[in-house]
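A short write-up of the structure that comes next.
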Amino acid sequence: MKPTKAISQILGGNLRQYFMVAVLVGVIVIFQLVTGLKQPHSSLLTALVHGKMISPTNMQNLLNGNSYVLVIAIGMLFVIITGQIDLAPGSVAAVVGIVMAMAITQRNPDGTFATSPWWWIGIIVGVAVALAVAVAVGRTLERHRHMKRAPALVIGLVAGLLVGGAVALGLASAINAFGIPWWGGVLIGLGAGAAIGAWQGAWLAYIGVPGFITTLAGQMLFRGVNQWIGQARSIPVPKPIQYIGGGYLPDWGPHWGPSVDGSGLNNSTVLLGVIAILVIATLEFRQRAKLSRAAMDVPPLWTSVVRLVLLALVMGYLTFLFGSGPKGTSFPITGCILVAIVLTYNFIATRTTLGRGVYAVGGNRIAAGLTGIDTKKIYFLAMANVSFLAGLAAIMFVGRSRSTGPADGTGWELDAIAAVFIGGAAVSGGVGTVFGSIIGGLVMASLNNGLYLMGIGSDKQKMIKGLVLLVAVAIDLYSKSQGRPSIIGTVQRNLQQRRKKPDLGSTTTVATAGTASN
Amino acid sequence: MTALSITTELPADQTTPVILEMAHITKVFPGVVALDDVNLAVRARTIHAICGENGAGKSTLMNILSGVYPTGTYDGQIRFEGQEMAFHSIRASEDAGVAIIHQELALIPELSVTENMFIGNEVATRGVIDWIAARRSALDLLARVGLDVNPDTPIKNLGVGQQQLIEIAKALGKNCRLLILDEPTSALNEDDSANLLDILRGLKAKGLTSIMISHKLNEIAAIADAITVIRDGRVVEHIDVTAGRVDEDRIIRGMVGRDLSSRFPDHTPHIGEVFFEVRDWTVEHPQIPGKLVCNHESFYVRRGEIVGFAGLMGAGRTELARSLFGRSYGTFLGGEILLDGAPIELPTVKAAIDAGLAYCPEDRKIQGLNLLDDVKKTIVSAGIDRICTRSVIDLDEEAVAAEEYRRKMNIKASSVDVVVSTLSGGNQQKVVVAKWMFTEPVLAILDEPTRGIDVGAKYEIYTLINQLAQEGKGVVMISSELPELLGVCDRIYTVFEGRITSVTAAADATQESLMRQMTDTADATARPAPAPNHSQEEPR
């Protein structure tokens, strides 16, 4: 067996993603070496050990300091796949941050909650619930009980009014009496993000204002809203939110294993690592079982074993890296949120009709419409989703910096856009992956972090980042213009050609070449 | 054969010197030989046709000749007007007098005729354009292609036929002596095509040599002086038309390498009762208020029946199909759809698909395919709910289903994981058809299902249509090619200016009778009869 084929079988064929990972690892190792060599009496080998880049604390900081941008990048990815762009998430995040901070009622000195002037939130929630119940009840009656539209609507409205009214009354008086707790603030913040998203999505999808314009307007509008609501104040947020943005998993159980300060490995991190490895192994073997049940080609067992061993080694190392930090640190909470979001959205992108719809709309909007996809709904959801995730990002960021301020979120959208494009998305839409965007974002984050560790000023950092974005996309475009799917696609194509089945006559091969040349 | 003006200039044996000689051309793409030792000789002042199936290597050969593939990327020699040529770019070939007009026109819609004609070739002194001189030469060139339009008209206001002529005028403006046309009539209606061919004949008489790639064999037989047939990257036949007329069958035989005993597969109709009926369907143009693209149209389809819709482009065939298919075109004003006798509402494409309709659009690249997707995702895209549980796609079922339809449709692709844009036109079309077959429709509407695909692929599409009818489904086939409608359909409606002007059993129809109904409503007093099951209905 040829070595390239063996590698491709172990990695599962998708070499491009691994190329991006290789770039990321390369960036990290180079900075590790460079920062290590700066220390006195260092050789290449000691530099690799003593560099500042790969240390538990630095890696934890890197995640904490960038997770929020990566969360936005995932939302941005979907918008970019549809062929649009969102320039507003930074401003939306600023609004969410200030709304959340102001909604949470500060405790009185005696520990009780003050009454809150935010009782009207209850009314808004009530109206929303009323509408949702009315639509749900009405539709159910019409579809499943085959009722006529008018009576179904009336019954729905009545039900909605009753339920919504009760919710509004209860919630408003509860807020008035007990104030809003931290989690209430988080919900209000996420709700505000989603509502702003719906606003942006509606302008794009149903009125037809291009996303660039809608969100450029949104960027100005919501920055203004932030300053108007917050009056340029900086408002602190309570402890639980600070935990979301900068906290670590608890430690428990026996002290064992190495760490930087002798406190042992963080057992929560170890547990996470073990679970991850088990889940990956289970999925791998379930896939094999499914393939053999469907009587399809099952790759040889050794490829699965080698792949799993490699993955386990990587996961094990990461577990060690994040778990061996100083006492009280672990794999960060923001990292956990990021992982959850990545898995969820990757599932949506690859396994659901919604995800397929997003790619279809971006690839060819007209064809998507004639295939039965509600293109307006796709635009709406993609756009609304970015603002929702911007709200989540705001909560993570505000938690880490412990208070909100008027400059929150400035420039986040650009970092997110850069991450998505470095991750291989196309400006014209239809192309891009969640993992690619995350790797793209991590490449930018590592560059930032490494340059900072080297003591390079933010002026030069910006110059280098700009050039990296330009060169990364240029290389990708160049390799695409050469008729190859991507840089690594060249290798991939050769592999595919070798795999080509013998039953295809010369007609097909000539045919493919002829079309490619047209 | 030759025009009068030429016979006076020509020697008695009517042969002219060879203007272009391409010798031993071999072009290799990574892993494939696209052209294998191709020789081509074109005589001056002739129209030389090049035929071949999609992917045979015609376009590759022309791209080499016009410098799209620069010298050095292929083996072989090009000799033009007696001189060895080595074109490094399109510009170099244009300077030498060779111009190519691609299938997709390269005109800029917002710019005027004059601006388009001289783009990249401006009449200028030191970078300043002399618009008066440009306009004068534009008028001159327009006259040479017999086009009477104001040179200040924006291109977007012209029809495709006129645009094609502007492309030719543009090439003439570059003093081209050899004009290459890649499928010049594929987007034109019959009148425009005939006009274009006349212009080419006229230009030939004035000394222009043309090479024409075309799938329309009747045109080739009508206009070409010489025909070169390419198959699998090799020249398989060279036919000198002056030696005697050739029939289309001979060209087809050369193209596919075997005898096609018939261009249409045998089909024994088993026609059942009416199951799909449209009454009084009225739709307004999306942009032009008051213009009815469907004007009280009524028709019906019976089980197992293949119904043809004949009409010129813009007559309202596609508009009718798309407005039925989930109101995806125009503004719906009125009308009724009956499925199995019961009225149904199809307000969205999704509703239409769920009701069992399928619409295979006329332009596969613009309306039918996401060219970034692989074959697998494309095939399941319209019927995705069939492999889903609560919106989550079962990827294994997807692969199995796609593979099944790839086999069924005989799609030539190394696997269902390849990207559709890498397939040849005919195979792309089969993918689009497969996508709609996967929804298992009761009524399949196929809009120009064989446009721009080669003879072999056409035959396969016809076979599929027959299969559908055999399974008791209804098929509506829209086509601009009358022989195809006559060969495939059981019953044919003609459409003119948004009205159904006639309906005839295919056995009773001729190209001439259909063409009359497609172009003239004057004698269309006999409106089509309503469906037999509902004959008690009042005539409108």
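Taken residue by residue and averaged, Cβ atoms of other chains lying within 10 Å of the Cβ of B:339-352 number 1. Using just the C-alpha positions of region B:414-528 as equal point scatterers, what log10 of I(q)/I(0) does the Debye formula give at each q in 0.11, 0.14, 0.21 1/Å? These q points yield log10 I(q)/I(0) values of -0.43, -0.66, -1.18. Relative contact order, whole percent, for region A:129-224 stands at 22, derived from Cα pairs under 8 Å and 6 or more residues apart. Dividing the summed -39500 (n - 2.57) terms of all DSSP H runs of n ≥ 4 by the residue count of chain B sets its mean residue ellipticity at 222 nm at -9000 deg cm²/dmol.
Taking the Cα centre of region A:52-493 as the origin, how large is its charge dipole in debye, to the nearest 20, when only Lys and Arg (+1) and Asp and Glu (-1) carry charge on their Cβ atoms? Walk me through the numbers before you get to the answer.
Details: 29 positive and 13 negative charges, 188 e Å.
Dipole magnitude for region A:52-493 comes out near 900 debye.
Taking a straight line from the alpha carbon of A:K327, these lysines sit under 26 Å away, with near neighbours fewer than eight places off in the same chain left out: A:K52, A:K239.
Could you compute the FRET efficiency for B:V18 and B:E512, with r as their C-beta to C-beta distance and R0 at 41 Å, rounded to 0.05? The pair B:V18/B:E512 has a calculated efficiency of 0.50.
Given axes a ≥ b ≥ c from the Cα gyration tensor, I'd like to know whether region B:31-108 is rounded (a/c under 1.5), prolate (a/b larger than b/c) or oblate. Rounded, since a/c falls under 1.5. In this label model, A:T57 and B:T26 are separated by 6.7 nm, measuring between points 7 Å along each Cα→Cβ vector. Per-residue 3J(HN,Hα) values for region A:408-416, derived from phi via the Karplus relation 6.51 cos²θ - 1.76 cosθ + 1.60 with θ = phi - 60°, read 4, x, 5, x, 4, 4, 5, 4, 5 Hz in sequence order (x marks Gly and Pro). For peptide B:34-47, the mean count of partner chain Cβ atoms within 10 Å of a residue's Cβ comes to 1. Compactness of region A:326-471 was expressed as the Cα radius of gyration divided by 2.2 N^0.38 Å, which yields 1.21.
What chymotrypsin sites (Phe, Trp or Tyr not before Pro) does region A:196-252 have in DSSP loop regions with at most 12 other beta carbons within 10 Å?
Values: sites: A:W199, A:W203, A:Y206, A:F212, A:F222, A:W228, A:Y243, A:Y248, A:W252; in loops: A:W252.
The qualifying sites are A:W252.
For region B:51-204, what does the alpha-carbon gyration tensor say about shape, rounded, prolate or oblate, given a ≥ b ≥ c as the root eigenvalues, a/c under 1.5 as rounded, and a/b over b/c as prolate? Taking the square roots of the gyration eigenvalues as a ≥ b ≥ c, region B:51-204 is oblate.
Computed from the alpha carbon positions, the gyration tensor of the protein assembly as shown leads to an equivalent ellipsoid with semi-axes of 58, 39, 29 Å, biggest first. Pairs exceeding 18 Å between alpha-carbon atoms, taken from A:K38/A:K465; B:K58/B:K174; A:K290/B:K377; B:K408/B:K458; A:K376/B:K156: A:K38/A:K465; B:K58/B:K174; A:K290/B:K377; A:K376/B:K156. Summed over qualifying helices (DSSP H, 4 residues or more, each -39500 (n - 2.57)) and divided by its residue number, chain A shows a 222 nm mean residue ellipticity of -24500 deg cm²/dmol.
Peptides B:195-208, B:340-353 ranked from most to least packed give B:195-208, B:340-353, packing being the mean of other C-beta atoms within 10 angstrom over each peptide's residues. In region A:52-493, a dipole from Cβ-located charges (positive for Lys and Arg, negative for Asp and Glu) runs towards its positive end, and of A:S324, A:N346, A:A394 it is A:N346 whose Cα lies farthest in that direction.
In a reduced charge model with +1 at each Lys and Arg Cβ and -1 at each Asp and Glu Cβ, region A:344-473 shows a dipole moment near 180 debye about its Cα centre. Cα-based values for region B:278-370, radius of gyration first and Dmax second, are 13.1, 38 Å.
Compute the distance from the alpha-carbon center of region A:252-293 to that of region B:117-143, in whole Å. With region A:252-293 and region B:117-143 each reduced to a Cα centre, they are spaced 73 Å.
With the Cα gyration tensor of chain A giving a ≥ b ≥ c as the square roots of its eigenvalues, does the rule (a/c under 1.5 for rounded; else a/b larger than b/c for prolate; else oblate) give rounded, prolate or oblate?
oblate
Seen against the Cα atoms of chain B and their longest principal axis, helix B:131-144 is set at about 70 degrees. Taking every C-alpha pair closer than 8 Å and separated by at least 6 residues, the mean separation divided by the residue count of chain A gives a relative contact order of 28 percent. In chain B, the inverse of the mean reciprocal separation of distinct Cα atoms equals 25.4 Å; this is its Kirkwood hydrodynamic radius. Contact order for chain B, expressed relative to its length and based on alpha carbon pairs under 8 Å spaced 6+ residues apart, stands at 14 percent. Summarising the label geometry, the points placed 7 Å from Cα in the beta-carbon direction at B:A86 and B:D340 lie 7.2 nm from one another. Backbone N atoms of region B:482-506 closer than 11 Å to the 7 Å Cα→Cβ label point of B:N218 belong to residues B:482-486.
Read-outs: derived from the displayed coordinates by stated rules, not from any lab. This structure is a prediction, so every number in the text was calculated from the model and none was measured. Quick reminder, even Gly has a Cβ in these numbers, built from the backbone with ideal geometry, and neighbours come from all protein chains shown.
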